[in-house]
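What follows is a set of notes on a single structure, which appears directly below.
What follows is calculated from the coordinates using simple rules that are stated; it is not laboratory data. Fair warning: this is a prediction, and the values are worked out from it, not measured in the lab. Every residue, glycine as well, gets a Cβ built from its backbone with ideal geometry; the counts of neighbours run over all protein chains shown.
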Amino acid sequence: MIREQDHRFIHLERKIGIFLAVAVICVVVAAVLFGVEKDFFTKKYNLHFTVDRGTGFTKGMSVKLSGFRIGRVISIALNEQAMVDIFIEIDSTYRTWIRSDSTVKLVKEGLVGDNIIDVSVGSHEMKELKNSDAIMFIKTKGLDELADEIAQKVKPVLIEVRDIIGYINNPDGELKKTIRNAELLTRNLEGTRKKTDTLLATTTDNISMVAFRAITMLDTTSKKVDSIDLAPILNRVNSALDNIDKKLPTLLEKADVTMENISRISYETRILSEKTFPKIPGMASQVEDVMFSTDRLINSLQNNWLLRDNSAPAQRQDFIRGDSHE
């Protein structure tokens, strides 16, 4: 008996086996890659910290050191003190940089990035953190807190801006009055400018007229000066100067002789004074003696009976004997 068989089903079992083997290999490779991606095959250790609020923390969020991902958040739980415990899992390869003085804080990558837990590098002299140790958490300001802080800082500025705008818009304020005064001054300046232009035009005409008259006067004066003949006057002046020049040496010689005579007379007068001055005291004494003798003679004559006068005798005036130097 001849059996008919479809050629498409030849080696079907082998094909199915190969397909299943390839599928299993792909699943295994995918699992391995997923495990590598999620760090399932690396040695890890756990740390934890406590925060007062769990806002911003999510399970599986990245833990980074110097911007490099080193772990993730594995669990978030509320403790008995109503605080939030955050447990993180870190690759053991990076534990050498995480010391007892290291800190963690919640930060945002960029302005619109995801929240991450940033770990600071510890000091080498401090000890390394072990599995299940606690790490210090530093609280950072969230967007709402930053917004409140900015609002508190901006609020006084906005109040001042509001006051300034109110001051500017006040119709009875100084600024409005100043603007109205400036507008009025501008209008007055327009009329003043027109009057100034008229005055400048009139002044320009007057200056032109004065300049024309001055030029005419200068021309007339120049012609009169040119018409004056100064040659005779200059000749007379030159002749007088020549005469003075000729007579000046003679006059100077006579002046020298006169000065010599005056000097000689002054010298002789001084010599005569020096000779005469010592004799003056003696002559004064002799004159005084003669006057006393005359006085006694007059008194004797008055006492003579022939010359006696019956009238009351006049008050006797004796001569005062003076100093011989007086």
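Quick notes on this one:
- Residues located in the range 126-179, provided they are surrounded by 10 or more Cβ atoms within 10 Å (Cβ to Cβ), of a type in the set (Asp, Glu), out of contact with any helix residue (DSSP H, G or I) (no Cβ under 8 Å at 6 or more places or on another chain) and not in a helix (DSSP H, G or I): Asp133
- Given (1) of a type in the set (A, V, I, L, M); (2) closer than 14 Å to Phe57 by Cβ; (3) in contact with a helix residue (DSSP H, G or I) (Cβ under 8 Å, 6 or more places away or on another chain), number of the condition Val121 does not satisfy: (2)
- Within the range 54-77, tally of residues that are surrounded by 15 or more Cβ atoms within 10 Å (Cβ to Cβ), of a type outside the set (A, V, I, L, M, F, W, C) and more than 14 Å from Ile98 (Cα to Cα): 3
- Counted residues, the range 180-202 - those being under 23 Å from Asn169 (Cα atoms) and either of a type in the set (Ser, Thr, Tyr) or touching a helix residue (DSSP H, G or I) at 6+ places or on another chain (Cβ under 9 Å) (or both): 1
- Any hit, the range 58-65, residues being over 19 Å from Lys141 (Cα atoms) and touching a helix residue (DSSP H, G or I) at 6+ places or on another chain (Cβ under 7 Å): yes
- Number of positions in the range 84-115 that are under 50 Å from the mean Cα position of the chain (by Cα) and either surrounded by 16 or more Cβ atoms within 10 Å (Cβ to Cβ) or assigned to a strand (DSSP E or B) (or both): 8
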